[in-house]
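Notes for the one structure printed next.
The values are calculated or read from the model by the stated rules, or taken from the named source; none is laboratory data. Everything numeric in this text was worked out from a predicted model, so none of it was measured. Cβ coordinates were reconstructed from backbone atoms using ideal geometry, including for glycine residues, and neighbour counts include every protein chain displayed. Calculation scope for accessible area: heavy atoms of the full protein, side chains included, ligands and nucleic acids excluded. Shrake-Rupley method; radii C 1.70, N 1.55, O 1.52, S 1.80 Å.
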Amino acid sequence: MNALGGSTARAVAAAVVSLSLGVALAPVSATAHASEGAAPAPPVRTIDPAKLRRGPDATIPFLQDGRIHAGGKTVRVRVPFTKGRQALLGRSGNAWLVASYRKGYLRVHRVRANRAPQLLPGSRTRQFGGEFYGIRVSRDGTRLLRTRYDRGGATVVVTRTVDGAPVDDYYTTYYSQPYDADAGRVLLHKEDETTYEVFAADWRPGSDDDRVLGSLMNAGFYRRDLAFVQDGVDTYRFGPTAISAPGAPAWSARFAALDVSPDGSLVLGVGPRLVRKRAVLQVRRMSDGKVLQQFSYGKVVDPGDWSISDTNEQTARFESDTRFVFQFSKAGRSRLVRCTTSGRCAKASDAGSNVSITFERFMW
């Protein structure tokens, strides 16, 4: 589910959705706005996959039509599910974790080639009317995070993947999912117990340790030491800061980050603009936020719309420092498109149902 931020404690949180950051965030006395105002951004390109050549399959692991594609191999996911409600979460040990919904229940299974799927202990969850769920696995595969939404707010429940044992849980009236989790830590929104003001937190479940990163955030990447935080109250503008030493972002824009290039020099994300009712995927320079490329590519959730939506996050990830893939859907069919930083594009998967990738945010 894509979003760009929220203005109050009850607005929908900005959603979205590996190594060191790799670039220095320039110190500034006040947050610099992204360079859109200083120089015109490149035009928005609309990709027509039917006119693109078929290149190699995407190198990022993805789930489509009941099969996991990874490393040139495919693994069949033999778990029944309601149409559109099966998601690839990530790895845990030697297995893939896949979330599925069917007949009122959510389940998470371990999936391995030529093995029957195994239900993850404690993951079977009954979904009642008026409830929505988001599920995430930590980057190290040791924790499962389930976020339940109802009319009162959101509850994040953290359990161990090895045996389903509870670790901790947290309730907030703010509607948002965790943005990342790794090595016993979680990036999410919390509320001050006295003022009830919402803040972006680096939380260690099982303890009272929750470092403040900023007022709000809309993306975070532990293995990059990077979070995108709001530059002021009700601004809808977000920019990068270090998780280890948070401060005013070096630049800000109405932008929700989805991924960072391996060398840390570029960031993929979604801007607020719509072109032909599609969201705009942007490639920005990390050092100053300058927009380098723009593509019309999918649906967007309006930041002011605080009704709960079951729209999935639009897939967009870097394959290397100079290549990235994103999902393009049309007439009910989806495929991955690969583009280079020089602007060349090709198809990177066959057409099929919705594409799900690891560590992607979704809500059912």
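Consider region 56-79. How many of its residues are over 17 Å from Ala316 (Cβ atoms) and open to solvent by less than 80 Å² (accessible area, probe 1.4 Å)?
Residues in region 56-79 being over 17 Å from Ala316 (Cβ atoms) and open to solvent by less than 80 Å² (accessible area, probe 1.4 Å): 8 in total.
Hey, can you tell me all the residues within region 236-259 that are hydrophobic (A, V, I, L, M, F, W, C) and in a loop (DSSP other than H, G, I, E, B)?
Selection gives Ala242, Ile243, Ala245, Ala248, Ala250, Phe255.
Please go through region 106-126 and pick out each residue that is assigned to a loop (DSSP other than H, G, I, E, B) and either under 19 Å from Leu145 (Cβ atoms) or open to solvent by less than 20 Å² (accessible area, probe 1.4 Å) (or both).
Leu120, Pro121, Gly122, Ser123, Arg124
Matching residues to (1) at pLDDT 95 or above; (2) crowded, with 22+ Cβ neighbours inside 10 Å; (3) over 24 Å from Gly134 (Cβ atoms):
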site: Pro249; (1), (2), (3): yes, yes, yes
site: Pro262; (1), (2), (3): yes, no, yes
site: Met286; (1), (2), (3): yes, yes, yes
site: Gly289; (1), (2), (3): yes, yes, yes
site: Gly298; (1), (2), (3): no, yes, no
site: Ser307; (1), (2), (3): no, no, no
site: Phe318; (1), (2), (3): yes, yes, no
site: Arg323; (1), (2), (3): yes, no, yes
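Listed here are the residues, each with its yes/no results for (1) out of contact with any Asp or Glu (no Cβ under 8 Å at 6 or more places or on another chain); (2) open to solvent by 30 Å² or more (accessible area, probe 1.4 Å); (3) part of a loop (DSSP other than H, G, I, E, B).
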{"residue": "Asp169", "(1), (2), (3)": "yes, yes, no"}
{"residue": "Tyr174", "(1), (2), (3)": "no, no, yes"}
{"residue": "Gln177", "(1), (2), (3)": "yes, no, yes"}
{"residue": "Val186", "(1), (2), (3)": "no, no, no"}
{"residue": "His189", "(1), (2), (3)": "yes, no, no"}
{"residue": "Asp202", "(1), (2), (3)": "no, no, no"}
{"residue": "Leu213", "(1), (2), (3)": "no, no, no"}
{"residue": "Asn218", "(1), (2), (3)": "yes, no, no"}
{"residue": "Asp234", "(1), (2), (3)": "yes, yes, yes"}
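Restrict the check to region 131-141 and report whether at least one residue is within 15 Å of Met363 (Cα to Cα), part of a loop (DSSP other than H, G, I, E, B) and at pLDDT below 95.
Within region 131-141, one or more residues are within 15 Å of Met363 (Cα to Cα), part of a loop (DSSP other than H, G, I, E, B) and at pLDDT below 95.
Name the residues in region 327-348 that are basic (Lys, Arg) and either open to solvent by less than 20 Å² (accessible area, probe 1.4 Å) or in contact with a helix residue (DSSP H, G or I) (Cβ under 6 Å, 6 or more places away or on another chain) (or both), would you?
Arg335, Lys347
Please state which of the following conditions Val355 fails to meet, knowing it meets all the rest: (1) open to solvent by 10 Å² or more (accessible area, probe 1.4 Å); (2) at pLDDT 90 or above; (3) β-branched (Val, Ile, Thr).
Unmet condition: (1).
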